[in-house]
Amino acid sequence: MYDGGKIVPGLIIFVGLMTFPLWYNSGNAGPAPKLEKPAGKTACVKDTHFMRTSHMVLLNQWRDTVLRDGDRTEVTAAGEKYEKSLMLGCMKCHSDKKKFCDECHQYAAVKPYCWDCHFPPKENL
Amino acid sequence: MDMKRRDFLKIAGISTIAGIGAPAALQVLLKGEVPASSFASGGAEEETGHGVAAPVGRRYGFVIDTRVFAKDQGLAQKCINACHRIHNVPDFRNKKDEIKWIWETGYANAFTSKSHNLRSDEVHHRKYMVLCNHCDNPPCVRACPTKATFKRPDGIVAMDYHRCIGCRFCMAACPYGSRSFNWRDPRGKDDKTGRYFIERKHLNKDFPTRMRGVVEKCNLCVERLAKGKMPKCVEEAGNSGAMIFGDLNDPHSEIRKVLASTFTIQRKPELGTKPSIFYIV
């Protein structure tokens with residue numbers, strides 16, 4: 001190889017620079033978002049772990065049962081009844097979209113398009 | 001055997017053709033089927049309109065008394081405004097982009113197949129309230145490739161805006177022009193005048209808007225029916241008798257009494273879509 005003495009160290013430096021973000025941040029996910037929970041409420045419609053990982057599954061199920069099957073029976077949590085609805089159910093308790101939804105969605109780089117049509121609780125369009 | 005190659009091929013060919021054709025011919029003979037004739041060709045049965053509708057469960061329908069609307073000039077607009085407000089229907093002030101859930105139209109547009117000869121002038125010039133017919137046999141549902149529009153068991157033809165891909169096949173399929181496409185973002189505003197398409201003070205935050213690129217239509221106020229309320233237009237018309245709403249399958253309902261006692265017509269019954277909106281002219 002001609003000029004091996006320059007190419008090999010050059011490659012090593014290049015790869016090192018390119019992968020810098022990977023190894024520099026490895027094992028560090030940044031500060032976890034702190035969500036503002038609704039005041040005065042102790043229980044959601046499902047347990048915390050399920051809501052944290054699968055709220056979108058539940059929302060899709062609700063959407064299908066309400067819209068397509070016409071089943072709007074309310075869900076009960078801790079003795080209170082809630083409508084199967086994002087705007088009329090979820091957001092009645094989680095009244096701050098910025099501090100509850102956005103905080104985590106930004107952290108996870110997820111961009112749901114719910115709000116293209118639905119209104120967050122404090123929307124001032 | 002004394003057979004020439006030429007003769008053998010002839011016999012083989014003929015028997016192959018016979019072999020292919022026979023099962024099809026046999027099937028037609030066995031089932032006694034005739035080729036399906038065009039449904040739209042009309043005939044006495046289709047002209048009767050609703051025909052044999054699904055007789056099970058609830059089946060919502062309207063009777064619209066156009067005479068009442070003709071007498072009370074402002075009533076129709078009142079109903080239209082009320083509907084469009086609670087459903088956040090944008091007003092683009094542009095005929096091309098217009099979104100309509102319920103609107104008024106002329107006789108010739110509403111009743112294309114009714115005889116136009118020597119008709120009363122008053123009937124001719126009257127405006128007629130039209131909305132989605134929530135057909136028993138909805139062509140839009142058949143045309144939709146994603147099943148975004150579908151027929152509920154109670155006869156409401158509903159839209160799932162989450163699934164709509166904006167292909168507008170349903171708009172092409174609907175013979176009543178009851179569907180509108182959002183060419184622009186309904187939440188946006190006019191670039192020139194700065195006017196919002198949905199007036200801020202009328203925004204109903206309990207009902208979503210739509211987004212750009214979906215088809216929308218009258219939903220027969222499913223969200224209100226679910227809570228035991230009447231559709232908004234009917235509520236707005238009040239007890240003027242202009243709009244009667246009810247269960248077509250319930251023989252004791254008010255709507256059935258009206259239908260039994262009054263002559264009503266439907267829009268384009270010859271198409272066989274079986275609309276559930278009846279007009280007293």
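The values are calculated or read from the model by the stated rules, or taken from the named source; none is laboratory data. Keep in mind the model is a prediction, meaning the values are calculated, not measured. Heads up, the Cβs are rebuilt from the backbone with ideal geometry, glycines too, and the neighbour counts pull from every protein chain shown. The protein model used for the area step is the full one, side chains on, heavy atoms only, and it has no ligands, DNA or RNA in it. Shrake-Rupley method; radii C 1.70, N 1.55, O 1.52, S 1.80 Å.
Looking only at the range A:90-121, count how many residues are touching a residue at least 24 places away in the same chain (Cβ under 8 Å) and small (Gly, Ala, Ser).
Of the residues in the range A:90-121, 1 are touching a residue at least 24 places away in the same chain (Cβ under 8 Å) and small (Gly, Ala, Ser).
Go through the range A:9-46 residue by residue and tally those that are of a type outside the set (A, V, I, L, M, F, W, C) and either touching a Pro at 6+ places or on another chain (Cβ under 6 Å) or loosely packed, with under 10 Cβ neighbours inside 10 Å (or both).
10
Any residue in the range B:249-264 that's free of Cβ contacts under 8 Å to residues at least 12 places away in the same chain: show its pairings with residues that are open to solvent by 40 Å² or more (accessible area, probe 1.4 Å) at Cβ separation under 7 Å, as long as the two are six or more apart or on different chains.
Qualifying pairs under 7 Å: B:Arg256/B:Asp250.
Going residue by residue through the range B:161-184, is there one that turns out to be in contact with an Asp or Glu (Cβ under 8 Å, 6 or more places away or on another chain), basic (Lys, Arg) and either within 14 Å of another protein chain (Cβ to nearest Cβ) or under 20 Å from A:Gly70 (Cα atoms) (or both)?
yes
Somewhere in the range B:125-146, is a residue under 24 Å from A:Trp115 (Cα atoms), within 14 Å of chain A (Cβ to nearest Cβ) and either in a loop (DSSP other than H, G, I, E, B) or not charged (D, E, K, R) (or both)? So that I can check it myself, show each step before the final result.
Of all residues in the range B:125-146, those under 24 Å from A:Trp115 (Cα atoms) come to B:146.
Okay, now just the ones that are also within 14 Å of chain A (Cβ to nearest Cβ), so B:146.
Within this subset, residues satisfying the condition of being either in a loop (DSSP other than H, G, I, E, B) or not charged (D, E, K, R) (or both) are B:146.
Yes, the conditions are met somewhere in the range B:125-146.
Which of the residues belonging to the range A:100-110 are farther than 27 Å from B:Asp160 by Cβ and either aromatic (Phe, Trp, Tyr) or surrounded by 15 or more Cβ atoms within 10 Å (Cβ to Cβ) (or both)? Spell out the reasoning first.
Here is the first cut: in the range A:100-110, the ones farther than 27 Å from B:Asp160 by Cβ are A:103, A:106-107, A:109.
A:Glu103, A:Tyr107 - these are the residues of the range A:100-110 that are farther than 27 Å from B:Asp160 by Cβ and either aromatic (Phe, Trp, Tyr) or surrounded by 15 or more Cβ atoms within 10 Å (Cβ to Cβ) (or both).
Determine, yes or no, whether B:Val56 is open to solvent by 30 Å² or more (accessible area, probe 1.4 Å), within 23 Å of B:Val222 (Cβ to Cβ) and without any contact (Cβ under 8 Å) to a residue 60 or more places away in the chain. Even if it seems obvious, please write down each step before you answer.
Working: open to solvent by 30 Å² or more (accessible area, probe 1.4 Å): yes; within 23 Å of B:Val222 (Cβ to Cβ): yes; without any contact (Cβ under 8 Å) to a residue 60 or more places away in the chain: no.
Answer is no for this residue.
Six or more apart or on different chains, Cβ under 8 Å: which pairs go from a residue in the range A:43-64 that's within 14 Å of another protein chain (Cβ to nearest Cβ) to one that's of a type in the set (Gly, Ala, Ser)? Could you list them?
That search, which allows pairs on different chains as well, returns A:Trp62/A:Ser85; A:Trp62/A:Gly89.
Hey, among the residues in the range A:77-94 that are in a loop (DSSP other than H, G, I, E, B) and open to solvent by less than 50 Å² (accessible area, probe 1.4 Å), which one's nearest to A:Lys41 (Cα to Cα)?
That would be A:His94.
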